[in-house]
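Since the structure comes first, as structure tokens, the remarks are kept for the end.
Just so it is clear, none of the values below were taken in a lab; they were calculated from the coordinates. Model, not experiment: these values are computed from the prediction. For neighbour counting, all protein chains shown are included, and Cβ atoms are generated from backbone atoms with ideal geometry for every residue, glycine included.
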Amino acid sequence: MPKIVAARVIVTCPGRNFVTLKIECDDGTTGVGDATLNGREMAVASYLNDHVIPCLIGRDAHRIEDIWQYLYKGAYWRRGPVTMTGIAAVDMALWDIKGKIAGLPVYQLLGGAAREGVTVYCHANGSSIDDTISAALEYRDKGYRAIRIQCGVPGLPTTYGVSKDRHHYEPADGDLPSESVWSTAKYMRVVPQLFAAAREALGWDIHLLHDIHHRLTPIEAGRLGKDLEPYRPFWLEDATPAENQDAFRLIRQHTTAPLAVGEIFNSIWDCKELIENQLIDYIRATVVHAGGLTHLRRIAALADLYQIRTGCHGATDLSPITMAAALHFGLSVPNFGIQEHMAHTAETDAVFPHAYTYADGMMHPGEAPGLGVDIDEDLAATHEYKRAFLPVNRLEDGTLWSW
Ligand code: CS2
Ligand code: MG
């Protein structure tokens, strides 16, 4: 059996922070896992270094499920983003090791390919509707069949999802949280105009997605869903904060616009009611924040009973290791919906050499044994950690609001 003999946490910042766990076995096999939690990176690094790694040494790396249960139940203080991101990193690294020893890409261990490739969606954004549409046309010409559209809101200096450099959107932008201003009324006026312009320019064969990013109340989300129905959105994401899962019942009563939620969920308990009551259409929980491949498969299996499909989070603050693991998952899971793909920068890709590829609106994890991704530790060491926070958001009267 491959015995775990060492594990280390690598923090690097090729333009943005990433936390990586590397596990080593007595036969020399290594595995990597993403442990990045945007804006709280060092909490996970400490959780792994101080509370997880000491418990891994000497264990059988093949016993993925037993180690998962040990780290979940053994912590006593169950769940939460830091704990579940730490467990996810261990889980990804152990699946990587198992695949390497078996000489198989991880998707083969998960049941083999259930489709030819993983359909992905990209992000088109702009400070104006015209800018957003021209970005979307560029992505369509690159073969994307699904495009998320986000535009600036007239009267607001900045807004979520609109980046300064058009292609790489990095929300963690300051040594302390920056502050942005929000107006639901101004936002609700511009989004239907954005969708009308997008349908005009792109036609009906492109899926259009939109991220509300937790900012509406349930009834406002119902209103926006109704306003957008004529434009057939593929999904409205994070329509309202989801701590109260039952709130989605209110949205459902007013609109048939498909709903996606879950990028900030860290366990099946965050979405059990949403799934069992069919209050959503896509579950966005992701490998790195929801306990790894082992737990994400459980969430997907429950969702499948209710005809809910996966739509995993895939922003640039999830490292290429998560991208790789998500593609192995997305290639094999029966109720796959769509995978988010925000391309990393060349600087990041250099630190994380990987086998996954993009072509014609789809991605594939490749055939390399394991996850097909690694970390160049020498290069990683040249990019020092730089504290960065996600912004906070306030209404125009100063009320603290969801970012
Ligand atoms: C967004 C993310 O990609 C998305 O759907 O919600 O960009 C999110 O804002 C970041 O991952 C937060 O770190
Ligand atoms: Mg989102």
Checklist entry - Is it the case that P320 is under 22 Å from I212 (Cβ atoms) and crowded, with 19+ Cβ neighbours inside 10 Å? => result no
Checklist entry - Quick one: in region 216-231, which of the residues that are touching a helix residue (DSSP H, G or I) at 6+ places or on another chain (Cβ under 8 Å), of a type in the set (D, E, K, R) and closer than 23 Å to A146 by Cα is nearest to ligand 1 (Cβ to nearest atom)? => result D227
Checklist outcome for this item: How many residues of region 210-249 are within 13 Å of ligand 2 (Cβ to nearest atom) and hydrophobic (A, V, I, L, M, F, W, C)? The answer is 5
Next on the checklist: Within region 254-269, does at least one residue satisfy the condition of being within 14 Å of ligand 2 (Cβ to nearest atom), crowded, with 21+ Cβ neighbours inside 10 Å and of a type outside the set (A, V, I, L, M, F, W, C)?
Outcome noted: yes
Item to check | Total residues in region 347-381, condition β-branched (V, I, T) and either at positive phi or assigned to a loop (DSSP other than H, G, I, E, B) (or both) | outcome: 1
Next on the checklist: Criterion first (closer than 23 Å to P258 by Cα, surrounded by fewer than 24 Cβ atoms within 10 Å (Cβ to Cβ) and among the polar types (S, T, N, Q)) does N335 satisfy it?
Outcome noted: yes
Next on the checklist: Would you confirm whether or not region 285-299 contains a residue that is more than 16 Å from D238 (Cβ to Cβ) and within 16 Å of ligand 2 (Cβ to nearest atom)?
Outcome noted: yes
Next on the checklist: With the requirement that a residue be touching a strand residue (DSSP E or B) at 6+ places or on another chain (Cβ under 9 Å), hydroxyl-bearing (S, T, Y) and touching a residue at least 60 places away in the same chain (Cβ under 8 Å), what does region 293-326 give you?
Outcome noted: S319, T322
Checklist entry - Give me the pairs: first residue in region 142-160 and on the phi < 0 side of the Ramachandran plot, second residue part of a loop (DSSP other than H, G, I, E, B) and acidic (D, E), beta-carbon distance under 8 Å, and six or more apart or on different chains, which are they? => result R145/D205
Checklist entry - If F329 satisfies every condition in (1) of a type in the set (F, W, Y); (2) within 29 Å of A247 (Cβ to Cβ); (3) more than 16 Å from ligand 2 (Cβ to nearest atom); (4) touching a strand residue (DSSP E or B) at 6+ places or on another chain (Cβ under 6 Å) but one, which is the exception? => result (4)
Next on the checklist: Going by what's in this entry, would E384 be described as loosely packed, with under 15 Cβ neighbours inside 10 Å and in a helix (DSSP H, G or I)?
Outcome noted: no
Checklist entry - Which of the residues spanning region 138-174 are buried (at least 20 other Cβ atoms within 10 Å of the Cβ), away from ligand 2 (no atom under 16 Å from the Cβ) and part of a loop (DSSP other than H, G, I, E, B)? => result Y144, G152, V153
Item to check | Within region 236-281, tally of residues that are within 16 Å of ligand 1 (Cβ to nearest atom) and within 27 Å of P192 (Cα to Cα) | outcome: 16
Checklist outcome for this item: Over region 175-194, the set of residues in contact with a Lys or Arg (Cβ under 9 Å, 6 or more places away or on another chain) and not in a loop (DSSP other than H, G, I, E, B) is E179, S180, V181, W182, T184, Y187, M188
Item to check | Candidate set: region 338-368, residues that are in contact with a helix residue (DSSP H, G or I) (Cβ under 7 Å, 6 or more places away or on another chain) and of a type in the set (A, V, I, L, M, F, W, C); chosen: the one surrounded by the fewest Cβ atoms within 10 Å (Cβ to Cβ) | outcome: A350
